[in-house]
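Asks: Mind having a look at this structure? Questions to follow.
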Amino acid sequence: AQSVAQPEDQVNVAEGNPLTVKCTYSVSGNPYLFWYVQYPNRGLQFLLKYITGDNLVKGSYGFEAEFNKSQTSFHLKKPSALVSDSALYFCAVNPRGSQGNLIFGKGTKLSVKP
Amino acid sequence: SQTIHQWPATLVQPVGSPLSLECTVEGTSNPNLYWYRQAAGRGLQLLFYSVGIGQISSEVPQNLSASRPQDRQFILSSKKLLLSDSGFYLCAWSTYGQGNTEAFFGQGTRLTVV
């Protein structure tokens with residue numbers, strides 16, 4: 001079965017430190033990969049995506065993600081975390097050929113402390 | 001620009017009562033439309049998706065139904081709500097046939113069945 005794994009329920013970092021939120025996937029072929037962020041009681045906001053090309057993708061709010069085909073991973077990163085980055089982060093994949101149906105991970109809560 | 005509207009923002013309904021949640025999209029035509037449910041502030045479960053008027057695919061058999069009476073209108077319904085229907089419901093849209101484009105989410109409806 002196709003799936004997305006976010007192995008950490010919560011990630012804690014100090015403000016100014018780099019952050020990484022992990023994501024691995026089990027999908028046949030070469031899927032499209034996405035990261036979303038959700039603030040409390042709000043909808044999901046798109047951060048970035050990988051379609052093809054450079055393995056390092058840059059997105060909104062200073063976030064970037066690195067695609068690793070051999071490890072089937074798409075980890076979200078930011079060089080210097082802000083307290084305002086605290087939120088719930090979702091990794092998602094869309095198998096190529098699909099009508100845009102995203103398969104989501106269960107989410108990782110990021111907490112950035114001052 | 002495209003926008004997505006979802007209402008109401010919160011809803012408290014008694015068990016056995018009907019439900020109707022509405023979602024509309026502006027600024028695009030023939031979008032893919034989706035209904036997701038998020039339980040306990042974490043993972044998203046795809047409930048229904050639609051690639052055109054009157055075309056509904058159900059991902060999970062349950063007490064809910066969906067309809068798409070117009071190109072940019074997607075409605076989630078129930079004849080009789082159960083306690084287990086409580087949750088955070090999210091509507092989303094993406095460009096038709098383009099699995100490489102991101103989905104855009106509404107602000108969500110918090111449904112509490114009492």
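Asks: Restricting to Cα pairs below 8 Å that are 6+ residues apart, what does the relative contact order work out to for chain A? Please round to a whole percent. Walk me through the numbers before you get to the answer.
Replies: Values: 281 pairs, mean separation 41.9, N = 114.
Over chain A, the number comes to 37 percent.
Asks: OK, next. For the protein assembly as shown, with only Lys/Arg (+1) and Asp/Glu (-1) charged at the beta-carbon, what is the dipole magnitude about the Cα centre, in debye rounded to 20?
Replies: Values: 18 positive and 13 negative charges, 51 e Å.
Dipole size: approximately 240 debye.
Asks: Which whole-number percent is the relative contact order of the range B:3-113 (Cα, under 8 Å, 6+ apart)? Could you put the intermediate results ahead of the total?
Replies: Numbers: 276 pairs, mean separation 39.9, N = 111.
Result for the range B:3-113 is 36 percent.
Asks: Hey, what do the phi angles of the range A:10-16 turn into as Karplus ³J(HN,Hα) couplings, whole Hz, using 6.51/-1.76/1.60 and θ = phi - 60°, x for Gly and Pro?
Replies: Using θ = phi - 60°, the values come out as 9, 10, 10, 9, 8, 4, x Hz.
Asks: For A:Glu15, which sequence-distant residues (separation of 5 or more, or a different chain) have an amide H within less than 5 Å of its own amide H, given hydrogens modelled in the peptide plane?
Replies: For A:Glu15, the qualifying residues are A:Lys113.
Asks: Given a 1.4 Å probe and every protein chain left where it sits, what share in percent of the accessible area of the range B:3-113 is carbon and sulfur? Please list the in-between numbers first.
Replies: On the way: 2590 of 4830 Å².
With neighbouring chains kept in place, the figure for the range B:3-113 is 54 percent.
Asks: In units of 2.2 N^0.38 Å, what is the alpha-carbon radius of gyration of the protein assembly as shown?
Replies: Normalised by 2.2 N^0.38 Å, the Cα Rg of the protein assembly as shown equals 1.02.
Asks: When you look at the Cβ of every residue in B:42-51, what mean number of other chain Cβ atoms sits within 10 Å? Spell out each step's value before the answer.
Replies: On the way: counts 11, 7, 11, 1, 4, 0, 0, 5, 1, 2.
Partner Cβ neighbours, averaged per residue: 4.
Asks: So what are the ³J(HN,Hα) numbers for the range B:108-114, from phi and the Karplus equation (6.51, -1.76, 1.60; θ = phi - 60°), rounded to whole Hz, Gly and Pro as x?
Replies: Per residue, the Karplus-derived 3J(HN,Hα) values read x, 10, 8, 9, 10, 9, 10 Hz.
Asks: Could you name every residue in the range A:68-114 that has 50 Å² or more less accessible surface in the full protein assembly than in its own chain alone (probe 1.4 Å, ligands and nucleic acids excluded)?
Replies: A:Gln99, A:Asn101, A:Phe104
Asks: Roughly how crowded by other chains is peptide B:99-111, in terms of the mean Cβ count from those chains within 10 Å of each of its Cβ atoms?
Replies: Partner Cβ neighbours, averaged per residue: 6.
Asks: How high is the relative contact order of the range A:1-65, in percent, with contacts defined as C-alpha pairs under 8 Å that are six or more residues apart? Don't skip to the end; give the middle numbers.
Replies: Working: 73 pairs, mean separation 14.4, N = 65.
Relative contact order comes out at 22 percent.
Asks: Name the long-range amide H neighbours of B:Leu82: under 5 Å, sequence gap of 5 or more, or other chain; modelled H, no Pro or chain starts.
Replies: Close amide H contacts, sequence-distant or interchain: B:Gly16.
Asks: Follow-up. When the Karplus curve 6.51 cos²θ - 1.76 cosθ + 1.60 is applied with θ = phi - 60°, which whole-Hz ³J(HN,Hα) does each residue of the range A:76-87 get, with x for Gly and Pro?
Replies: Going residue by residue, I get 8, 9, 8, x, 9, 6, 10, 4, 5, 7, 4, 4 Hz, with x marking Gly and Pro.
The values are calculated or read from the model by the stated rules, or taken from the named source; none is laboratory data. Just so we're clear, the structure is a prediction, and the values are computed from it rather than from any experiment. Cβ sites come from the backbone with ideal geometry, for glycine too, and all protein chains shown count toward neighbours. Each accessible area value is taken on the protein alone, full model and side chains, heavy atoms only, with ligands, DNA and RNA left out. Shrake-Rupley method; radii C 1.70, N 1.55, O 1.52, S 1.80 Å.
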